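This report concerns only the one structure given below.
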Amino acid sequence: VHSDVTSFKEVEREVLRLNRNLEDRVRLRTQQLENALVSAEAANSAKAAFLSVMGHEIRTPMNGVIGMTDLLSKTTLDREQRMMVDTVRRSSQSLLATLDHILDYVALESGSVEIIPEEIQLVEFIEGLVDSVGLDVAKNKQRFILHVEPGVPPVVLADAGYLGKVIRNLIDNAIKFSVYTVPQGVIQLRVALAADQANLASGQQRLEIKVIDNGIGISSEQRGQLFEPFVQIESNRARRFGGTGLGLAISARIVALMGGQLALSSGPEEETCFTGTLVFDVPEVAVAIEEARNIEILACIPDPLLHNALAAILEVNAYSVTWFTSTAELSSAVAELTVPGVVLALAADQDTLNYCAEHNLKVLKLSERPRDKATLRLDLVYTDPLLPSALLRALEREQRVLSIGL
Ligand code: ADP
C-alpha cells in the first residue's frame, strides 16, 4: 500500500519550526521581563535610598531652625520680637509636619517602610503622645480625656515610631476639627481590649485604640474616600483648617502594614470616632504584687467622662474608691473609713473643703491644665489631659505623707 506522506512531513517540519520559533520568543520575552524586573527593583531601591537621604537632608536643617528658634525664644526679647520668633517657630513646625507627611506617604507607596516591633510600655507611651498636645489643648480651651480601660496589657511589642504617627495623626485631626465646637471641643483617646479576641496566636491580644471628637463631623456620604490620599472634604473646609489630606491615608496604610484596620464610625451624638484595631504580641511580664493600699479614696467628680477615666485608673491600680456628690454623702463615707482617706475633687466647694479640714482628710484637687507648665503645682493634678502616671504619683505622695503623719 502506498501513500504519499510528503505533505504530512512538510506540516510536521513547519510545526517544529514554529515551535522552535515560539520557544525562542518566549525565552527572549522572559529575559526581557527579568531585565525589566531587575531594573525596576534597582529603581525602587534607588528611590528608597533617595527618599531616606532626602528625608535626612530636609529634616536636619529644619530641626536646626526649630531648635535655634526655641533657644532664641528663651532669650530676652521685646514683644514684637517674641511675636516674630513665635511665628517662625510655628511656621517651621508646620512645614516640618507637612514634609514628614509627604516623605512618609512616598516611603509607604514605594514599599520601603519596615515595621520593627520592640517592647513598649503602652500606657507611658500613650501618655507621652497625649502630653505633647496638652498645651495646644489648653490654648484652644478644649478638653482631652485619656481613658485606658482595665485589662490593657502594660507591655506590648510594637513599632513605637509608626504607632505614634498613627495616634498623633488622629489626635491632631480631632483637635483641629473640634477647635470651634461650642461650648467646648472634647477629644477622647480610649484604649481597650477588643471584645473580639478570636483567631489569635497564643501571647497575642487585640486592642482597640479610639480617637473621638465632638467637632464638625463627617457625613456618611463623605466617608467613602477619606482613607485615599489627598482627599479633603470640601476645599472650603480644607482651606479653613489647613492640612495635606495625607494624614488618614498614611495612618490607614501603616495600620494595614501592622496587620490591623483603621475604621471610621459615628459615635452617639454624632461624634467622629476613628478606631484602630491592632493585634499585638504581648510578652509575659512579672506582675508586681500590689501592696495593700493604706489609703482610701473618696472622689467627687461630677463630669461623667472624667469620672470613667479616673475610675479605670484607680481600678487598675487597686485603689478602693467611694464616689460622692454632696457633703452629706461624704460624711457617711467618712464614717466607714478604716484607713486614712484622700478626697479627690474637681472644683470642691467650700463646704467640702471645710469638712475635709475638720476631719483630717487630705484633699487632692483636680484642675484644668494650666496654659503654661511653669505654673505646675504639686497639690494639683491637671485633668486636660489627665495622665494616669501624674495622678498615681500624687496619690503615692499623699499616701507617704499620711503614713508619716500616722
Ligand atoms: P488633613 O487633615 O491633613 O487634611 P487627613 O488625611 O488627616 O488630612 O484628613 C482628610 C480629611 O478628612 C480632612 O481634610 C477632613 O476633611 C476629614 N477629617 C479627618 N479627621 C476628621 C475629624 N476628626 N473630624 C472631621 N473631619 C475629619
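This table checks each residue for (1) outside any helix (DSSP H, G or I); (2) exposed (fewer than 12 other Cβ atoms within 10 Å of the Cβ); (3) in contact with a helix residue (DSSP H, G or I) (Cβ under 9 Å, 6 or more places away or on another chain); (4) not small (Gly, Ala, Ser).
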| residue | (1), (2), (3), (4) |
| --- | --- |
| GLN32 | no, yes, no, yes |
| SER39 | no, yes, no, no |
| SER45 | no, no, no, no |
| LEU51 | no, no, yes, yes |
| ARG89 | no, no, yes, yes |
| LEU103 | no, no, yes, yes |
| ALA107 | no, no, yes, no |
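Residues in the stretch 46-79 that are without any contact (Cβ under 8 Å) to a residue 24 or more places away in the chain and of a type in the set (S, T, N, Q) were compared, and the one that is farthest from LEU108 (Cα to Cα) is THR76.
The number of residues in the stretch 245-293 being in a loop (DSSP other than H, G, I, E, B), modelled with pLDDT under 75 and within 13 Å of the ligand (Cβ to nearest atom) comes to 1. So is GLY164 touching a Leu at 6+ places or on another chain (Cβ under 7 Å) and among the small types (Gly, Ala, Ser) or not? In short, yes.
Condition check: within 27 Å of VAL166 (Cβ to Cβ), modelled with pLDDT of 90 or more and assigned to a helix (DSSP H, G or I). Does GLY55 satisfy that? Steps first, answer last, please.
Working: within 27 Å of VAL166 (Cβ to Cβ): yes; modelled with pLDDT of 90 or more: no; assigned to a helix (DSSP H, G or I): yes.
Answer is no for this residue.
Out of all the residues in the stretch 80-90, is one or more within 17 Å of ALA192 (Cα to Cα) and out of contact with any Lys or Arg (no Cβ under 7 Å at 6 or more places or on another chain)? So far as the stretch 80-90 goes, no, none of its residues is within 17 Å of ALA192 (Cα to Cα) and out of contact with any Lys or Arg (no Cβ under 7 Å at 6 or more places or on another chain). The condition of being surrounded by fewer than 22 Cβ atoms within 10 Å (Cβ to Cβ), among the β-branched types (Val, Ile, Thr) and within 17 Å of SER265 (Cα to Cα) holds for only one of ILE171, ILE167, that being ILE167. The residues on offer are PRO150, PRO183, and the sole one that is touching a helix residue (DSSP H, G or I) at 6+ places or on another chain (Cβ under 7 Å) and surrounded by fewer than 17 Cβ atoms within 10 Å (Cβ to Cβ) is PRO150.
Among the listed residues ASP70, ASP78, ASP104, identify the single one that is farther than 18 Å from LEU387 by Cβ, out of contact with any strand residue (DSSP E or B) (no Cβ under 7 Å at 6 or more places or on another chain) and within 16 Å of the ligand (Cβ to nearest atom). Even if it seems obvious, please write down each step before you answer.
Details: ASP70 fails: within 16 Å of the ligand (Cβ to nearest atom); ASP78 fails: within 16 Å of the ligand (Cβ to nearest atom).
Sole residue among the options that is farther than 18 Å from LEU387 by Cβ, out of contact with any strand residue (DSSP E or B) (no Cβ under 7 Å at 6 or more places or on another chain) and within 16 Å of the ligand (Cβ to nearest atom): ASP104.
For the stretch 197-220, a residue qualifies if it is within 15 Å of SER266 (Cα to Cα) and either among the hydroxyl-bearing types (Ser, Thr, Tyr) or part of a loop (DSSP other than H, G, I, E, B) (or both), and the qualifying residues are ASN214, GLY215, ILE216, GLY217, ILE218, SER219, SER220. Summed over the stretch 157-195, the residues that are within 15 Å of the ligand (Cβ to nearest atom) and either among the basic types (Lys, Arg) or part of a loop (DSSP other than H, G, I, E, B) (or both) give a count of 9. Checking each residue of the stretch 210-228 against the condition of being touching a residue at least 60 places away in the same chain (Cβ under 8 Å), polar (S, T, N, Q) and either in contact with an Asp or Glu (Cβ under 9 Å, 6 or more places away or on another chain) or more than 17 Å from VAL133 (Cα to Cα) (or both) gives no match. When ALA138 is tested against (1) under 25 Å from ALA195 (Cα atoms); (2) of a type in the set (A, V, I, L, M); (3) more than 16 Å from the ligand (Cβ to nearest atom), only condition (1) is not met.
Considering (1) modelled with pLDDT of 80 or more; (2) surrounded by fewer than 17 Cβ atoms within 10 Å (Cβ to Cβ), the lone condition that GLY215 does not fulfil carries the number (2).
The values are calculated or read from the model by the stated rules, or taken from the named source; none is laboratory data. None of these values were measured; they are calculated from a predicted model. Because the Cβ atoms are built from the backbone with ideal geometry, glycine has one as well, and the counts that use them run over all protein chains shown.
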